[in-house]
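Take a look at the structure set out below.
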Amino acid sequence: MVSEAIKVVSPPELRLLGHFRLECDAEPVELCRNGQRLLAFVALRRRVSRSVLAGTLWPEVTEDHARGSLRTTLWKLPRCEQPLIRCSGDSLVPASSLRVDVHAFTETALLVVQGGSSPPHAQLPQGLLGGEDLLPGWDEEWVLLERERLRQLRLHALDALAETLVREGKPALALEAAWESVRTEPLRESANRAAVSAHLAEGNVSEAVRHFHSFRRLLREELGVEPSPQFAHLLARHGLAVFPGG
């Protein structure tokens with residue numbers, strides 16, 4: 001007697017960092033643009049009322065028309081093994097089995113910011129290095145706000161990670177994290193301070209001073225201001241007489 005193989009079904013996955021991608025049972029699923037917008041909004045908010053959802057996605061039409069468009073778009077969504085969105089009173093929530101990359105990234109970043117995550121085996125937390133923006137090319141206000149929130153969270157996580165790695169005696173990894181933040185926002189002082197701290201932790205004084213002066217020059221050219229006294233004091237603590245007013 002030959003036993004039948006048991007099929008293992010992969011949970012649906014929604015990727016919003018980078019271009020939109022939905023997978024059901026590890027296979028890509030095509031959605032119309034309204035379906036993508038609907039699923040992305042509900043997944044990001046986790047719970048949203050029908051009226052808010054309809055008014056946000058179809059702001060240019062009447063409330064009745066918007067609610068009709070919402071019903072039509074919900075009906076057209078693929079089901080996978082179960083509906084991707086379910087009703088909860090007058091609200092809509094994503095299926096409990098739906099894996100969303102934004103939530104995994106947010107959890108990792110918050111752990112780093114809160115000091116609860118240290119990279120094992122000389123690896124940096126996934127998603128912080130080379131991270132992609134939320135839904136590039138989408139220009140709706142709700143996407144822009146969420147994109148900026150995630151960008152700021154990533155920058156804070158990178159800065160915090162770099163500082164933690166310096167304290168743990170891992171300056172090379174600290175420098176990687178700091179440089180990722182600097183590449184994203186060259187005028188961000190906390191990122192540049194973290195890079196200088198990593199150089200000093202490695203004993204590379206010349207690299208630290210060079211980085212400081214490079215940042216100082218950029219700050220003057222772009223904003224007409226000097227680095228903060230805190231930055232200069234970082235170098236002064238190592239016996240380097242470099243001050244913003246000098």
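The values are calculated or read from the model by the stated rules, or taken from the named source; none is laboratory data. Not measured: the values here are computed from a predicted model. For neighbour counting, all protein chains shown are included, and Cβ atoms are generated from backbone atoms with ideal geometry for every residue, glycine included. These area figures cover heavy atoms from the full protein model, side chains too; ligands, DNA and RNA do not enter into them. Shrake-Rupley method; radii C 1.70, N 1.55, O 1.52, S 1.80 Å.
Among the residues of the range 67-98, write down those that are closer than 16 Å to L39 by Cα, of a type outside the set (S, T, N, Q) and not in a loop (DSSP other than H, G, I, E, B). Selection gives R67, L70, R71, L74, W75, K76, I85, R86, C87, L92, V93, P94. For first residues located in the range 197-212 and at positive phi, partners that are surrounded by fewer than 17 Cβ atoms within 10 Å (Cβ to Cβ) and modelled with pLDDT of 95 or more and lie 6+ apart or on another chain with Cβ distances below 6 Å do not occur. When R216 is tested against (1) open to solvent by less than 60 Å² (accessible area, probe 1.4 Å); (2) in contact with a helix residue (DSSP H, G or I) (Cβ under 7 Å, 6 or more places away or on another chain), exactly one condition is not met: (2). Restricted to the range 1-27, and to residues there that are open to solvent by 70 Å² or more (accessible area, probe 1.4 Å) and not in a loop (DSSP other than H, G, I, E, B), the residue that is modelled with the lowest pLDDT is E27. If the condition is being surrounded by fewer than 17 Cβ atoms within 10 Å (Cβ to Cβ) and assigned to a helix (DSSP H, G or I), then the range 35-55 contributes S51, V52, G55. With a requirement of 2 or more residues that are under 30 Å from F41 (Cβ atoms), the helices (runs of 4 or more DSSP H) lying completely within the range 127-246 that satisfy it span 141-167, 171-184. Scanning the range 153-174 for residues that are open to solvent by 30 Å² or more (accessible area, probe 1.4 Å) and either touching a residue at least 12 places away in the same chain (Cβ under 8 Å) or under 15 Å from T108 (Cβ atoms) (or both) yields H156, E163, V166, E168, G169, K170, A172, L173. Return the total of residues in the range 56-83 being within 27 Å of the chain's Cα centre (by Cα), farther than 16 Å from L14 by Cβ and open to solvent by less than 40 Å² (accessible area, probe 1.4 Å). Residues in the range 56-83 being within 27 Å of the chain's Cα centre (by Cα), farther than 16 Å from L14 by Cβ and open to solvent by less than 40 Å² (accessible area, probe 1.4 Å): 2 in total.
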